[in-house]
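I have placed the structure first, in the form of structure tokens, so that the comments after it can refer back to it.
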Amino acid sequence: MKNWFRVDFIKWVQLVLPILLRKPRLIAFIEVCISEIDAMYMRFLSWRYDNLYRLSITPQVYSLEKALNDRFDYSLRRIYITKGIHYPMSYIFTQDESLDEYIGTGSEDNNMYIYARSESGGNSVSFIINVPSPVPFNNAEMRAMVEKYTVKTFEINIV
């Protein structure tokens, strides 16, 4: 990272001060006067680094895992993301409707599984966030953090 914007205000004031005026008392007075500008500059740098970190997070799995582990489980990094479960959609018709699949009489041997709408089709979850039970986290905060970076649907599992 380039440091072209880094400014040491105290050193800069000492360099700009004429040589004849570089007395310890005057330098100390100017340092006190400039200290608020230096503090504001440090807050700016902190804000800048926070923004650079937020901009580095993408909707990709590795990036979301990194962000979640940085926020909720920094030391052990046990939070991980798995793919959501998607089942093929099956439409059921009666025999009278003469369409592709129909409800059998029970003597047939073809097994057909019926899933809820949330498990198949467009309403299914795209990914699952697995959080170990010893990890303390706020569900609403984690949801807000993930929704900030993704547009997909997800669910949080406590393992």
Filtered chymotrypsin sites (Phe, Trp or Tyr not before Pro), the range 1-68: DSSP coil and at most 10 other beta carbons within 10 Å: 4, 5
Quick one: divide the alpha-carbon radius of gyration of the range 16-70 by 2.2 N^0.38 Å and tell me what you get. 2.02
How much length is gained on full extension from residue 44 to residue 77, taking 0.36 nm per residue of separation minus their Cα-Cα distance? 8.9 nm
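Of the trypsin sites (Lys or Arg not before Pro) in the range 5-66, which ones lie in a loop per DSSP and count no more than 10 other C-beta atoms within 10 Å? If you can, show how the numbers build up before the last one.
Values: sites: 6, 11, 22, 25, 43, 48, 54, 66; in loops: 6, 22.
Sparse-neighbourhood loop trypsin sites (Lys or Arg not before Pro): 6.
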Taking a cut-off of 16 Å between Cα atoms, list the lysines near residue 11, but don't count ones fewer than 8 places away on the same chain. 23
Looking only at lysines whose Cα falls under 24 Å of residue 148's and that sit 8 or more positions away or on another chain, we get 66, 83
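Throughout, read-outs are computed from the coordinates displayed, never taken from laboratory work. Fair warning: this is a prediction, and the values are worked out from it, not measured in the lab. As a convention, Cβ positions derive from the backbone with ideal geometry for all residues, glycine included, and neighbour counts pool all protein chains shown.
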